[in-house]
1. For Lys234, go through the lysines and keep the ones whose alpha-carbon is under 24 Å away, minus same-chain ones fewer than eight residues off.
2. Under the Cβ-under-4.7 Å rule, which cysteines of the chain stay unpaired?
3. With 18 Å as the limit, write out which pairs from Lys175/Lys272; Lys21/Lys73; Lys98/Lys138 have Cα-Cα distances beyond it, or answer none.
4. Just to be sure I understand the curve: with the Debye formula and one point per C-alpha of region 165-282, what is log10 I(q)/I(0) at q = 0.13 Å⁻¹?
5. Starting from the coordinates of the alpha-carbon atoms of the chain, obtain the Kirkwood hydrodynamic radius over all distinct pairs and give the value in Å to one decimal.
6. Put +1 on the Cβ of every Lys and Arg and -1 on every Asp and Glu Cβ in the chain; which of Ala146, Leu194, Ala14 then has its Cα farthest towards the positive end of the dipole?
7. For region 1-141, max minus min Cα coordinate along each principal axis, in Å, sorted largest first?
8. May I ask you to list the lysines whose Cα is less than 23 Å away from that of Lys50, ignoring any residue fewer than eight positions away on the same chain?
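Derivation of every value follows stated rules applied to the coordinates shown; laboratory data play no part. None of these values were measured; they are calculated from a predicted model. Methodologically, a virtual Cβ is constructed for each residue, glycine included, from the backbone with ideal geometry; neighbour enumeration extends over all protein chains shown.
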Amino acid sequence: MGMTGKRHSEETKARMSATRKGRKPTVEALHNHKKAVNTREYKEKMRALKTGLKHSEADLVKMRGRRHTEDEKRRMIAVHKGRKRSPETCARISAKAKGRQPTDDARAKISAAMKGRIMTSEHRARIGLANSRRKLSKESRAKISASLKANREVVTRLQTQGPFWDSKPAILVRKFIEENQIDLRKEFWLPELLGNGIYHKFDVYIPHVRLLVEVDGCYWHACPAHCPDGRRPKSDLEINELFNAGGYEGYSLVRLWEHDINSGVAFPILLKTIREMESKFAA
Ligand SMILES: [Zn+2]
């Protein structure tokens, strides 16, 4: 470092290497080295030296097929945790990934890793938001329409029953509301909930009284009468908490149990609620 321009002869280098071989650097030496290396000037110098350099074929052969050990992976994760990528890095990654499709192998790996994982409502909200801004490309639209055309059965089902995740009790509730000449929206997404990190589609929304209706299946939502050992989904509790104190952002929520819909008890209660709200809104 101190010798500007001068170079050690091959002989000297060999001698130095021989004396040092097997010797472990002292803690102090390591510390000094770290200090010398961890300066902006040094890093800039190295960057200038290495930019544009390619690994030799011999190096590449050595690296190829090498896997990081679990220990190395843990260390890398620890270093990167909490770090944010710069916008440039993000752009570079995204440019590289554009148009790339995961291989079947990669897909299988991803799906295996995701199995059993439950998305947080924040994560779902983020995906929903990203997708809502996204426009389908012409190709994707053509692909979807071609596959729908090829599958007439699905098309008919979608047209007659609405989305396939429609539950029977939800259909009954919508039918009841429509029979009472009340205007409704189905699969209603309340964007205001996003502020609380909740992405949720409600089964029914009745716009003129700003009433949301949620139909809870006894099994999935763990009704105390039929599934006393079940656990209420976290999102139910989060949403209830928001609506409990006199509604949320001007919206009210009614939850109906599947068993109350099947027995018919739910319908007069729902209608009474709607009528009460109408008179409240009229006042
Ligand atoms: Zn029940």
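1. The reachable lysines, counting only those whose Cα sits under 24 Å from Lys234, are Lys115, Lys168, Lys186, Lys201.
2. Cys with no partner Cβ under 4.7 Å: Cys90, Cys227.
3. Details: Lys175/Lys272 16 Å; Lys21/Lys73 29 Å; Lys98/Lys138 16 Å.
Beyond 18 Å: Lys21/Lys73.
4. The Cα Debye sum returns log10 ratios of -0.50.
5. Details: mean 1/r = 0.0379 Å⁻¹.
Here the Kirkwood hydrodynamic radius works out to 26.4 Å.
6. Comparing the listed Cα positions along the dipole, Ala14 ranks first.
7. Projected onto the principal axes, the Cα atoms of region 1-141 cover 69, 33, 31 Å.
8. Lys6, Lys13, Lys34, Lys35, Lys62, Lys96
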